[in-house]
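Heads up, the thing below is written out as structure tokens.
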Amino acid sequence: MQTEPVSSADTPAPRRPGSILGTRVQRTEDPSLLVGTATYLADLDLSEYHPDGVLHAVFVRSDIAHGRLVAVHTDDAAAIDGVEAIWTAADLGIDAHHGFVKVHDDFARSPLATDTVRFVGEPIAVVLARTATAGRDAAEAVWAEIEPLRAVVDAEDALASDAPVIFDSHGDNLALQIVDPGPLDLEAISDHVVRGRYVNQRVAVAPMETDGCAAAVGADGRLIVWPSTQMPHVVRDQLATVLDMSNDELHIITPQVGGGFGGKVGLHHEFSVVAAAARRLGRPVIWSPTRREDMVSLPHGRGQVQYVELGCRNDGTFTGLRVRLVGDAGAYPTIGAFLCGGTRRMSNATYDFGAIDFDVAVAVTNTTPVGAYRGAGRPEATALIERVVDQAAMELGIDPIELRLANFISDDAFPYTTIPGNVYDSGRYAMALRRAAELADYDGHRAEQARRRESGERRWLGIGVAAYVEITAGGASEEYARVEVNPDGSATVFAGTAAHGQGHATSFAMLVSDQTGIPVESITLVDGDTDRVPRGGGTGGSRSLQLGGSAVHHATEVLIDSARRLAAEILEAEPADIEIDPDTGTIAVAGVPASAMTWAELATRTPDATALQGEFIFDQHGATFPFGAHIAVVEVDSDTGRVTL
């Protein structure tokens, strides 16, 4: 393995000789992925669970956005060779339930639609067939009688007084509302009010691997479920409730997960169907959707319309911020509805606004439900704030960097309590932006931009500026880790997080190696298995290295304490006299190099094989708030439209 220093514009912080932290390390999880030995969901071989093999679940989905489901006709489909069963909601017999989070009782969703369909892509039946081809053919042969109802696919339209009500029991299409206690009179305290309507459009999550899951009854009678998920323990707990099982009756194992980005959090309703089918039929069942299916069934992200007003004095000083945000929750509101509150939570951004008035209204619409995606509510806040700051710079004729520098929260204000209630732990916002401007040659590019405008050149220059502060690990702040040393001197990390491409195996191994000297390539990661890892919050909310890594770090400290005690017994010394040398990967009595043992020697000389391990549950007690700045320079050929970064 080759290592080399990480390049940096600034001088890196000094580190002790031999420390692996701060070096560039090859990812240990990649070789098996690159050569195809790692197992993704679609690669699972479930033949051992039944002599007749696996059944493929194929969902029949509504092509109507809103309608009364009168009947689902399955006779033609059932006659297709290879079809074992076709179920509608009545056959499935699972009550309506919520997904990752509950917004309101009224929005519980049946895994297969009952009397109403509310978005294109909502499942109305499931085919269980011996081959995926037979399943798809049968799904095409299912037909439904649906009486169309007026659909509403725009969040603002859904909140209009004459909009069709999507859930009769709810009475209107308002899923969630947050209203600040008093209006902010920007006009009275400002020389100028900048106003804008900004759209943070809905996006499809589109991970490299589509959604999916598989399930089978194990030899011990327990139900094993393999979901492509970011949160295996959450799926276990929620699925146990839906199927009226105990947690102990369920074993959740995540295969390799090819991306999630927030779209694969919590229990998906298709998981409930697949698990119920495997349990009832006694056959392994797998659901691996197509990309097209994934685009309408996996929760979408974003989906906000932001009405923003920024009060300014003539010198550019901000006087206050007023926002009216309309969010789109989709047909069955879940975590996406709450994320609009996350946008409000981060609306203070990097600036001293003086006052903030931020109201939120989230609508139910006849569209795919909106979930979490890539920052989940927080990037939307940065987008709206940086847009209005840029607009203010243009309207006031002030350089966008100078306007930001004039209004940043000052370095000496931290810890800083924001108006929405966050406590920023630290920040040097001006430093980051000034450094970015220096690296980008901002002044030089501004001069070149002015020159081109004056000369009428057809190759235009655009300069974008953005400052941001992020909230990380802002939800559940607890995570689990265990570190074990094996008889051959290698180590195994057991983590409550769940990797889906981020490099957890390498990152956690680096933390263990830095303290023990065990080589990174000799440290493996176990995650995503609820039998082998007793608890965990999974991965989401930018929490993995911060919480999971901290748990691994502290678990390694516990391991080292155990190693000192065990080595002290073997070497007939006091535990306080035992030193762990991470540069050589040895354990010895201080000042007696001849006493040095390797981790393998210590492990083989330890009578209790379970003694050489450390376990820790890390609880952070609050979020942290990293920050940064970006500058982008693009050239646009106004004759051809070609853009060059």
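The values are calculated or read from the model by the stated rules, or taken from the named source; none is laboratory data. For clarity, every value in this text was computed on a predicted model and none was experimentally measured. Virtual Cβ from ideal backbone geometry, glycine too; neighbours counted across all protein chains shown. SASA here: full protein model, heavy atoms, side chains in, ligands and nucleic acids out. Shrake-Rupley method; radii C 1.70, N 1.55, O 1.52, S 1.80 Å.
Pop the C-beta distance of Thr584 and Ala611 into the FRET formula with R0 = 30 Å and round what comes out to the nearest 0.05.
So the FRET efficiency works out to roughly 0.85.
Cα centroid distance between the range 369-398 and the range 196-260, in Å?
Using only Cα atoms to place each centre, the spacing works out to 32 Å.
Which net charge results when you count Lys and Arg as +1 and Asp and Glu as -1 among the other residues whose beta-carbon is under 12 Å from that of Leu33? Walk me through the numbers on the way to the answer.
Details: positive: Arg27; negative: Glu29, Asp30, Asp43, Glu209.
With Lys, Arg at +1 and Asp, Glu at -1, the neighbours total -3.
Take the range 551-639, compute every pairwise Cα distance, and split them into 10 Å bins from 0; I just need the percent in each bin.
The calculated distribution, bin by bin, is 14, 35, 17, 10, 9, 7, 5, 2, 0.
Given R₀ = 30 Å, FRET efficiency for Thr37-Thr241 by Cβ-Cβ distance, to 0.05? All intermediate terms of the calculation are to be shown ahead of the outcome.
Values: r = 36 Å, r/R0 = 1.19.
Computed FRET efficiency for Thr37 and Thr241 comes out at 0.25.
May I ask for the distance between the Cα centers of the range 90-114 and the range 604-623, given as a whole number of Å?
40 Å
I'd like the carbon and sulfur percentage of the solvent accessible area for the chain, probe radius 1.4 Å, heavy atoms only, ligands and nucleic acids excluded.
Ligands and nucleic acids excluded, carbon and sulfur reach 50 percent.
Which order do the peptides 539-547, 88-96, 285-293 take when ranked by the mean count of other beta-carbon atoms within 10 Å per residue, highest first?
Descending mean neighbour count gives 539-547, 285-293, 88-96.
Under a point spin-label approximation (7 Å from Cα along Cα-to-Cβ), what is the Glu402-Arg459 distance to one decimal in nm?
Once both label points are built, they end up 2.9 nm from each other.
Just to confirm the filter: which GluC sites (Glu not before Pro) across the range 408-476 are DSSP coil and have at most 16 other Cβ within 10 angstrom of their Cβ?
The qualifying sites are Glu457.
Could you give the length gained by full extension between Met431 and Asp168, i.e. 0.36 nm per residue of separation minus their alpha carbon distance, to one decimal place? Working shown, then result.
Details: separation 263, 0.36 × 263 = 94.68 nm, distance 5.36 nm.
Extra length from Met431 to Asp168 when fully extended: 89.3 nm.
With every protein chain left in place, what is the accessible area per residue of the range 430-519 in square angstrom, probe 1.4 Å?
That works out to 41 Å² for each residue.
Testing the spin-label approximation: label points 7 Å from Cα along Cα→Cβ at Asp220 and Ile570. State their distance in nm.
Going by the 7 Å Cα→Cβ label model, 3.2 nm.
Taking H placed 1.01 Å from N in the peptide plane, check which residues at least 5 places from Ile252 or on another chain put their amide H under 5 Å from its amide H.
HN-HN under 5 Å from Ile252: Val225, Thr530, Asp531.
Any chance you could run the full-extension gain for Arg374 through Ile178? It's 0.36 nm times the residue separation minus the Cα-Cα distance, nm to one decimal. Write out the running numbers ahead of the final one.
Working: separation 196, 0.36 × 196 = 70.56 nm, distance 2.30 nm.
Gain on stretching Arg374 to Ile178: 68.3 nm.
Rank-order 269-281, 70-82, 104-116 by packing density, defined as the average count of other C-beta atoms within 10 Å over each peptide's residues, highest first.
The peptides rank, most packed first, as 269-281, 104-116, 70-82.
Starting at 0 and stepping by 10 Å, how many percent of the alpha carbon pairs of the range 490-591 end up in each bin?
Cα pair-distance distribution for the range 490-591, in percent: 16, 42, 27, 13, 2.
Evaluate Rg over Rh across the range 398-473, taking Cα atoms for both radii and Kirkwood's formula for Rh. Please report the intermediate quantities before stating the final value.
Values: Rg = 16.4 Å, Rh = 14.7 Å.
On the Cα set of the range 398-473, Rg over Rh gives 1.12.
Please get the size of the charge dipole for the chain, origin at its Cα centre, with Cβ charges of +1 on Lys and Arg and -1 on Asp and Glu, quoted in debye to the nearest 20.
Details: 50 positive and 90 negative charges, 201 e Å.
The calculation lands at about 960 debye.
Extending each Cα 7 Å along its Cβ direction at Arg150 and Gln201, get the distance between those two points in nm, one decimal.
2.8 nm
Using only DSSP helix segments of four residues or longer, with each worth -39500 (n - 2.57), what per-residue ellipticity at 222 nm results for the chain after dividing by its residue count and rounding to 500? Show your work: numbers first, answer last.
Numbers: 17 runs with 169 residues, N = 645.
Helices in the chain give a 222 nm mean residue ellipticity of -7500 deg cm²/dmol.
Taking the square root of 5 times each eigenvalue of the Cα gyration tensor, what semi-axes in Å does the equivalent ellipsoid of the chain have, largest first?
Value: 42, 41, 22 Å, ordered largest first.
For the range 304-423, go through all pairs of different Cα atoms, get the mean of 1/r, take its inverse, and jot down that Kirkwood value in Å. Walk me through the intermediate numbers first.
Numbers: mean 1/r = 0.0662 Å⁻¹.
Evaluated on the range 304-423, it is 15.1 Å.
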